[in-house]
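Note sheet for the following structure.
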């Protein structure tokens, strides 16, 4: 793909969370390339639903994308080795750090392959994610790969993106994606 000087690779966790960051980055003059790589998502059916909603978003908004179709749960679980104590908590900084790093390293690797010098992530649209940790890891990964990480607080557009996703009929997930966040969600619902 031919890229401009203002090209940016946007790691995308799902279709709904892609909508507002994509719109904002394009308004700012960026040529956005979407990258779906989410080895944390469980179960497999949820992974397929999120990948499908991302594809629909990409098609509707003419977004050039790279999609990792391989179900990466085994790699995600293996990467958690060493943070077993914290892994079962509803929110675990250790677990989330592993998850963020895996996804942002894949985005950086794709940037290096294609010559795109900057990346960001749709995780930054969610009020439920740890922005400080995402920013820290994004900047570390960017330094390691000789790239730039664009931190942008997209949270102001979270509800707008969710409303647009509902109108489009996109799959709306009820938890972050990993088996542990799924467990925390259903544990709360059970009381």
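Given region 112-191, what whole percent of its Cα pairs are spread farther than 14 Å?
71
Determine the distance separating the Cα centre of region 1-53 from the Cα centre of region 54-86; give it in Å without decimals.
Each part reduced to its Cα centre gives a spacing of 11 Å.
Kindly state, to the nearest 0.05, the FRET efficiency for residue 62 paired with residue 144, given R0 = 25 Å and r defined as their beta-carbon distance.
Efficiency, from the Cβ-Cβ distance: 0.20.
Using a 7 Å offset from the Cα along the Cα-to-Cβ direction at both residue 77 and residue 44, what is the distance between the two label points in nm, to one decimal?
Between residue 77 and residue 44, the simple spin-label model gives 1.2 nm.
Could you compute Rg(Cα) / (2.2 N^0.38 Å) for region 14-82, with N its residue count?
Here the Cα radius of gyration is 1.24 times the empirical estimate.
Determine the percent antiparallel among the DSSP beta bridges restricted to the chain, to the nearest 5.
Roughly 0 percent of the DSSP beta bridges within the chain come out antiparallel.
What is the chain's relative contact order, in percent, from Cα pairs under 8 angstrom and six or more apart in sequence? Could the numbers behind the result be given before it?
Working: 286 pairs, mean separation 56.2, N = 191.
Relative contact order for the chain comes out at 29 percent.
Between 178, 83, 17, find the one with the highest GNM mean-square fluctuation for the chain; connect C-alpha pairs within less than 10 Å.
Of 178, 83, 17, the Gaussian network model singles out 83 as fluctuating most.
Sort the following peptides by mean Cβ neighbour count (other Cβ atoms within 10 Å, averaged over residues), highest first: 123-129, 61-67.
123-129, 61-67
Going by average Cβ neighbours within 10 Å, how do the peptides 100-108, 149-157 rank, with the highest at the top? Don't skip to the end; give the middle numbers.
On the way: 100-108: 22.1, 149-157: 16.2.
Final packing ranking: 100-108, 149-157.
Match the structure shown to one of the listed values [x] 25, 20, 15; [y] 29, 18, 17; [z] 55, 18, 16 of semi-axes √(5λ) of the Cα gyration tensor in Å, computed from it, and give that label.
From the options [x] 25, 20, 15; [y] 29, 18, 17; [z] 55, 18, 16, the structure gives [x].
Take the Cβ-Cβ distance between residue 155 and residue 185 as r, set R0 to 22 Å, and report the resulting FRET efficiency rounded to the nearest 0.05.
Once the sixth-power term is evaluated, E becomes 0.60.
Name the residue, out of 143, 28, 52, whose mean-square fluctuation peaks in a Gaussian network model built on the chain with Cα pairs under 10 Å.
28
Taken together, the values in this text are just the output of simple stated rules run on the coordinates, not laboratory data. Note that the structure is predicted; figures quoted are calculated from it, not measured. Glycine gets a Cβ as well: all are built from the backbone with ideal geometry, and neighbour counts include every protein chain shown.
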